[in-house]
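These notes are about the structure you will find just below.
The values are calculated or read from the model by the stated rules, or taken from the named source; none is laboratory data. On a predicted model such as this, the values are computed, not experimentally measured, just so you know. All Cβ positions, glycine included, derive from the backbone under ideal geometry; neighbour counts span all protein chains shown. Side chains included, ligands, DNA and RNA excluded: accessible areas come from the protein's heavy atoms. Shrake-Rupley method; radii C 1.70, N 1.55, O 1.52, S 1.80 Å.
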Amino acid sequence: ASRVMVASRNYADFASEATFEIKKCDLHRLEEGPGTTTVMTREEGLHYYKTMQTIRRMELKSDQLYKQKIIRGFCHLYDGQEACCVGLEVAIKPTDHVITAYRAHGFTYARGVPVREILAELTGRKGGCVKGKGGSMHMYTKNFYGGNGIVGAQVPLGAGIALACKYFGKNEVCLTLYGDGAANQGQIFETYNMAALWKLPCIFICENNRYGMGTSVERAAASTDYYKRGDFIPGLRVDGMDVLCVREATKFAAEYCRSGKGPIVMELQTYRYHGHSMSDPGISYRTREEIQEVRSKSDPITLLKDRMVNNNLASIEELKEIDVAVRKEIEEAAQFATTDPEPPLEELGNHIYFNEPPFEVRGPNQWIRYKSVS
């Protein structure tokens, strides 16, 4: 009887918004930081929930397709870290810019690329978001500059994007992401220096998922306070498993950059459930119990779900309906990604330059020529 009563509830029965306590951020060279209370509307909560659930299911499907040898090559999955990309995206404008490393599927979706185009890219098909030529590590869309395969190399590129924002007088910021494993790269510190000198509107974001490949942060870094690594650049350490915490910290950081004060560093404390890549089982340097403990206590989707249900923003049944719809969408996308044709060989040389007249590109040997079309 109670099940029937819940099912019969209409939207008017739910609260339109609720106020939440969030964890205080640790601060570096800042007198004040983001607030510790925030408001989330029912509409926002449902959007965050669906987006995170879609990313989770998309990554689990990618795992399955990889094990079936339909996805080949490198593949770095994002499940466990969904609150980071979703919290970042909802706090900035579509005209702002994002660049990240190779664990890029979640950001690609958050920036507006449909699941079917992401999965088709992973399987190397024509309908992929970069026509099957980029694969897991190199996905792009408007104001999103990819997945970059070289550790830390995207950080100076992000500063360059921020320089362009400043040069053209646009009130835009660039979110420049890297992992804890990349945080010790020399080019990152060189970039900090230039960004501080030129007061670039750049948010440097370290996604600290506790392991750089198979090495724990404690074994890799003399100082694990990544938010302090900018030294002269202010920093924030944020609970990266809480979408609201990430959202509020990003709003604060974006406002700081837009005001002309220069760059800021954010450390998002998060966790990946899979290994570093699909070739890493992920349990030789950490225990199954550790992973299970994070899942049971800090899962970003479960945390949001509990908040919404406990504050009457949604019912369990309604969220289950979203889960069913997401699963259906992922299955249909996977069907497309496994049946769409591969790009023809003649297109191998296409899209080398943008808006250029066609020109010849030499193939694997001097007798094979391809025509590059923009």
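Name the single residue, out of those in the range 336-357 being touching a strand residue (DSSP E or B) at 6+ places or on another chain (Cβ under 6 Å) and part of a loop (DSSP other than H, G, I, E, B), that is surrounded by the most Cβ atoms within 10 Å (Cβ to Cβ). Let's see the steps before the verdict.
Step one: filter the range 336-357 for residues touching a strand residue (DSSP E or B) at 6+ places or on another chain (Cβ under 6 Å), giving 348-350, 352.
Remaining after also requiring part of a loop (DSSP other than H, G, I, E, B): 350, 352.
Values: N350: 16, I352: 12.
Checked the range 336-357; the qualifying residue surrounded by the most Cβ atoms within 10 Å (Cβ to Cβ) is N350.
Does L200 satisfy the condition of being aliphatic (A, V, I, L, M), assigned to a loop (DSSP other than H, G, I, E, B) and assigned by the TED database to the domain that holds P94? Outline the logic, then answer.
Numbers: aliphatic (A, V, I, L, M): yes; assigned to a loop (DSSP other than H, G, I, E, B): yes; assigned by the TED database to the domain that holds P94: yes.
It is true that L200 is aliphatic (A, V, I, L, M), assigned to a loop (DSSP other than H, G, I, E, B) and assigned by the TED database to the domain that holds P94.
Closer than 27 Å to G124 by Cα and crowded, with 23+ Cβ neighbours inside 10 Å - does that describe any residue in the range 67-75? Let's see the steps before the verdict.
If we filter the range 67-75 for residues that are closer than 27 Å to G124 by Cα, which is where we start, we get 67-75.
The next check asks that each one be crowded, with 23+ Cβ neighbours inside 10 Å; those that pass are 71.
There is at least one residue in the range 67-75 that is closer than 27 Å to G124 by Cα and crowded, with 23+ Cβ neighbours inside 10 Å.
Output the number of the condition that P114 fails; it satisfies all remaining conditions of (1) modelled with pLDDT under 95; (2) under 25 Å from C174 (Cβ atoms).
Only one criterion is unmet by P114, namely (1).
Given (1) aromatic (F, W, Y); (2) crowded, with 24+ Cβ neighbours inside 10 Å; (3) not in a helix (DSSP H, G or I), where does Y227 come up short, assuming only one miss?
Exception for Y227: condition (3).
Please find, among G147, G169, G152, the residue that is under 28 Å from T95 (Cβ atoms), assigned to a loop (DSSP other than H, G, I, E, B) and more than 22 Å from the chain's Cα centre (by Cα).
On the way: G147 fails: more than 22 Å from the chain's Cα centre (by Cα); G152 fails: more than 22 Å from the chain's Cα centre (by Cα).
Just a single option satisfies the conditions, and that option is G169.
Mind checking which helices (runs of 4 or more DSSP H) fall wholly inside the range 75-139 and carry at least 1 residues that are hydroxyl-bearing (S, T, Y) and in contact (Cβ under 8 Å) with a residue 12 or more places away in the chain? Can you show your working first?
Details: elements: 82-91, 105-110, 115-122.
Output list reads 105-110.
Considering each of K166, K261, K170 in turn, give the residue that is assigned by the TED database to the domain that holds E59, at pLDDT below 95 and open to solvent by 60 Å² or more (accessible area, probe 1.4 Å). It would help to see each step written out before you state the result.
Numbers: K166 fails: at pLDDT below 95; K261 fails: at pLDDT below 95.
Step by step, each of K166, K261, K170 is checked, and only K170 is assigned by the TED database to the domain that holds E59, at pLDDT below 95 and open to solvent by 60 Å² or more (accessible area, probe 1.4 Å).
Which ones in the range 240-254 are within 28 Å of K199 (Cβ to Cβ) and open to solvent by 10 Å² or more (accessible area, probe 1.4 Å)? Steps first, answer last, please.
Narrowing the range 240-254 to residues within 28 Å of K199 (Cβ to Cβ): 240, 245-254.
Result: E248, K251, F252.
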